[in-house]
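Sharing a structure here in structure tokens format.
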Amino acid sequence: MESRVNLFRTQAGELVVALPETGIDPAWLARPLAQLGLENAASYTAVRVEMPASRRWSTPDAAFFARLLAEVEAPGRRIELKGLPPELEKLLALARGARRPVAAANVRQPGIGERVGLAAMRGVDDARALVALLGEVVLLLPRLLAGRAKMRRAELVEVLAESSSRALPIVAVVSLLMGAILAFVGAVQLKTFGAGIYVANLVGIASVRELTPILTAIVLAGRTGASFAARIATMQSNEEIDALVAIGVSPVEFLVLPRVVALGLLMPLLYVYGCGFALLGGMAVAMPVLDVSATAYVAQTQHAIAGAHFAIGALKALAFGGLVALIGCHHGLCAPRSAAGVGSATTSAVVSSIIGVIALDAVFAICANALKV
Amino acid sequence: MISIDDLTIGYGPQPVQSAISAQVGKGEIFAVVGDSGSGKSTLLRTMIGLMPPQSGRVVFQGASSFGVLFQNGALWTSMSVLENVMLPMDLQGELPRAARRALARFKLALVGLAGDEERYPASLSGGMRKRAALARALALDPSVLFLDEPSAGLDPLASRRLDELVLSLRDGLGITVVLVTHELESLYRIADRMLFLDGETHRPAALGVPAELARSAESTKVRNFLSRVTP
């Protein structure tokens, strides 16, 4: 038979707690006290503890009494405790003193539908804040062009270096491999029609118009956008941004503007650089696999790529660069003031940037289709 | 100089503190004291405009500018100590660069950091970071200085030195100081008056001279809090 604590009421309205020899089983700490016989919790005048004389007190005993008292004591009404040794009374007094008036159990947890709704509302607020940030940056551009923006040149140079020269190797590798993969895929199909030379068209148009801007933006989202978010979120948690505001400097002007401008300027350059490597990758595969000469490949590429393809690609690169910087900075500025906040800001910045880049690319595709370019 | 009128502060719908009213005189060192989570730093953030009050207002009369020493210094880590102190002046853009440099060096010398100008915040001790941040707070010659837990994380000697520095700044430059602290030694050493924020009632529990409140505050909680250290 289970050795358990018994709770019962006396005629005088006291709650008697009869403990077994083995004390409180920790498993009971999570069970409703009604299962142990507690009824009408707020109606007791006192709690009296009965226990075997040989029993020594343990932490589960104290935790059980703290929980019991939390249920039987109404706010502002203390219940007298009888039969407890002074040392345990002292311990319980600490727990009673620390009790907050609002019990956590009373806080209603939202249901799944409500959570979805709340997440959607957060998403809308987030998008609104991002658009507001974009608006603020646009309004600051004339100040920047007039040389009156409150930002450090050293900061801009640092961001430019971070986003350009240090990103070159990874953009080169990704673009080269992307061009090579496209050429392999195209070669297999085009070879069967005897149209192997058209692999240059495939690699050229696909990389210049679509893939290089997207892949470069994704690389920068993972690298530079994440670093923007982490840097600004760290500044947020260290109160460095508050320190800027306290001297009358807008964090958007000082931190966001140089980053958006730097990435907006650099992305088209990185795009051209990436295109070069993508075409090189395509040629490196086409030459041995399709037995195409370098001269023929280059000539076919020149023939295939129109100025409009480059213009669209460069425009996308400019827009993607600004977007990645903006999203990175936005998540940094909105980060909670903690170490965990830095991590979550970084992750959110990368995820949002990738989704944002692909969504914006879809908008470009729709516009290009409508304009027939 | 500073008038706090029936201020209610907080982050969400639930106010952290309400009915805060106090006047801070010119050249006074005014301390905000209270238990953890009582809203001391929130009051300071509201006073300097980093967050809006839920109701009420803070009025500065005759104050041209203010400087802030944040709890952990909040030095800009990508800049040297000298650049940190120069930045507020750089952005104001009123003085030639050489003058800004000389002034920044002077402020750093005032806080005992002469010779450390080119060091970066990461290479400084906690006490040095606090002093560098204090030099930055003084960069624009503020008439009011806000200090958020200046002694937090400092050893007793560094804490005493910082207190003496604050007293010297007040006595020498006539700066008004609003100080958030839970260090009683520091409170008795430098504060002229104090406001006690009660974290349980969410209202101020006492306003007055620290040593007098330790003896005769109406609130037992305030007396107990202040009597942990002899004035």
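Is the range A:328-351 home to any residue that is farther than 30 Å from A:ASP242 by Cβ and among the β-branched types (Val, Ile, Thr)?
Looking through the range A:328-351, none of the residues is farther than 30 Å from A:ASP242 by Cβ and among the β-branched types (Val, Ile, Thr).
A further question follows. Looking at the range B:162-177, can you tell me whether even one residue there is crowded, with 22+ Cβ neighbours inside 10 Å, free of Cβ contacts under 8 Å to residues at least 40 places away in the same chain and over 13 Å from B:LYS130 (Cα atoms)?
No.
To keep it simple, each residue is scored yes or no on (1) more than 24 Å from A:GLY135 (Cβ to Cβ); (2) surrounded by fewer than 20 Cβ atoms within 10 Å (Cβ to Cβ).
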| position | (1), (2) |
| --- | --- |
| A:LEU280 | yes, yes |
| A:GLY313 | yes, no |
| A:LYS316 | no, no |
| A:GLY321 | no, no |
| A:GLY328 | no, no |
| A:THR347 | yes, yes |
| A:ALA359 | no, yes |
| A:CYS367 | no, yes |
| A:ALA370 | yes, yes |
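Here is a further query. Residues in the range A:205-222: is at least one over 21 Å from A:LYS316 (Cα atoms) and assigned to a helix (DSSP H, G or I)? Outline the logic, then answer.
Taking the range A:205-222 first, the residues over 21 Å from A:LYS316 (Cα atoms) are none.
No, the conditions are met nowhere in the range A:205-222.
Something else about it: Pick out, from the range A:268-373, the helices (runs of 4 or more DSSP H) lying fully within it that include 3 or more residues that are free of Cβ contacts under 8 Å to residues at least 24 places away in the same chain.
The helices (runs of 4 or more DSSP H) meeting that bar are A:294-304, A:339-371.
For residues that are touching an Asp or Glu at 6+ places or on another chain (Cβ under 7 Å) and assigned to a loop (DSSP other than H, G, I, E, B), tally how many sit in the range A:41-84.
The total comes to 6.
Residues being more than 8 Å from chain A (Cβ to nearest Cβ) and in a helix (DSSP H, G or I): count how many of those fall in the range B:90-106. Give the steps one after another, and end with the answer.
The first filter runs over the range B:90-106 and keeps only residues more than 8 Å from chain A (Cβ to nearest Cβ), leaving B:92-106.
Restricting the remaining residues to those that are in a helix (DSSP H, G or I) gives B:92, B:97-106.
So the answer is 11.
Could you check the range A:144-167 and list, in sequence order, the residues that are part of a helix (DSSP H, G or I), surrounded by 14 or more Cβ atoms within 10 Å (Cβ to Cβ) and either modelled with pLDDT of 90 or more or more than 14 Å from chain B (Cβ to nearest Cβ) (or both)?
Taking the range A:144-167 as the starting set, the residues that turn out to be part of a helix (DSSP H, G or I) are A:144-145, A:153-163, A:165-167.
Among the residues that remain, those that are also surrounded by 14 or more Cβ atoms within 10 Å (Cβ to Cβ) are: A:144, A:155-156, A:158-160, A:162-163, A:167.
Within the range A:144-167, A:LEU144, A:LEU160, A:SER163, A:ALA167 qualify.
In addition: Does A:VAL131 satisfy the criteria of being more than 14 Å from chain B (Cβ to nearest Cβ), under 19 Å from A:ILE327 (Cβ atoms) and aliphatic (A, V, I, L, M)?
Working: more than 14 Å from chain B (Cβ to nearest Cβ): yes; under 19 Å from A:ILE327 (Cβ atoms): yes; aliphatic (A, V, I, L, M): yes.
Judged against the criteria, A:VAL131 is a match.
Restricting to the range B:111-139, give me the number of residues that are over 22 Å from A:GLY248 (Cβ atoms) and not in a loop (DSSP other than H, G, I, E, B).
Qualifying residue count, the range B:111-139: 8.
Determine whether A:SER237 is within 30 Å of A:LEU133 (Cα to Cα), modelled with pLDDT under 95, touching a helix residue (DSSP H, G or I) at 6+ places or on another chain (Cβ under 7 Å) and within 14 Å of chain B (Cβ to nearest Cβ). Please lay out each step first, then the result.
Working: within 30 Å of A:LEU133 (Cα to Cα): yes; modelled with pLDDT under 95: yes; touching a helix residue (DSSP H, G or I) at 6+ places or on another chain (Cβ under 7 Å): yes; within 14 Å of chain B (Cβ to nearest Cβ): yes.
The answer is yes for A:SER237.
Identify, please: which residue in the range B:74-89 is under 18 Å from B:ALA114 (Cα atoms) and assigned to a loop (DSSP other than H, G, I, E, B) and is, among those, farthest from the other protein chains (Cβ to nearest Cβ)?
Applying the filter and picking the extreme gives B:SER80.
Looking at the range B:14-62, what strands (runs of 3 or more DSSP E) fall wholly within it and have at least 3 residues that are buried (at least 19 other Cβ atoms within 10 Å of the Cβ) and in contact with a Phe, Trp or Tyr (Cβ under 9 Å, 6 or more places away or on another chain)?
Values: elements: B:17-24, B:29-34, B:55-60.
Filter on the range B:14-62 gives B:29-34.
List, please: which pairs have Cβ atoms under 6 Å, are six or more places apart or on different chains, and start with a residue in the range A:147-162 that is farther than 17 Å from A:GLY248 by Cβ and in the same structural domain as A:ILE232 (by TED's automatic domain parsing) and end with one that is buried (at least 17 other Cβ atoms within 10 Å of the Cβ) and not basic (Lys, Arg)?
A:GLU155/A:PRO258; A:LEU156/A:PRO258; A:VAL159/A:PRO258; A:VAL159/A:ALA262; A:LEU160/A:ALA262
Criterion first (more than 21 Å from B:LEU169 (Cα to Cα) and either of a type in the set (Ser, Thr, Tyr) or more than 12 Å from chain A (Cβ to nearest Cβ) (or both)) does B:SER65 satisfy it? It would help to see each step written out before you state the result.
On the way: more than 21 Å from B:LEU169 (Cα to Cα): no; either of a type in the set (Ser, Thr, Tyr) or more than 12 Å from chain A (Cβ to nearest Cβ) (or both): yes.
In short, no.
The values are calculated or read from the model by the stated rules, or taken from the named source; none is laboratory data. Because the structure is a prediction, the values reported are computed rather than measured. Reconstructed Cβ throughout: ideal geometry from the backbone, glycine too, with neighbour counts over all protein chains shown.
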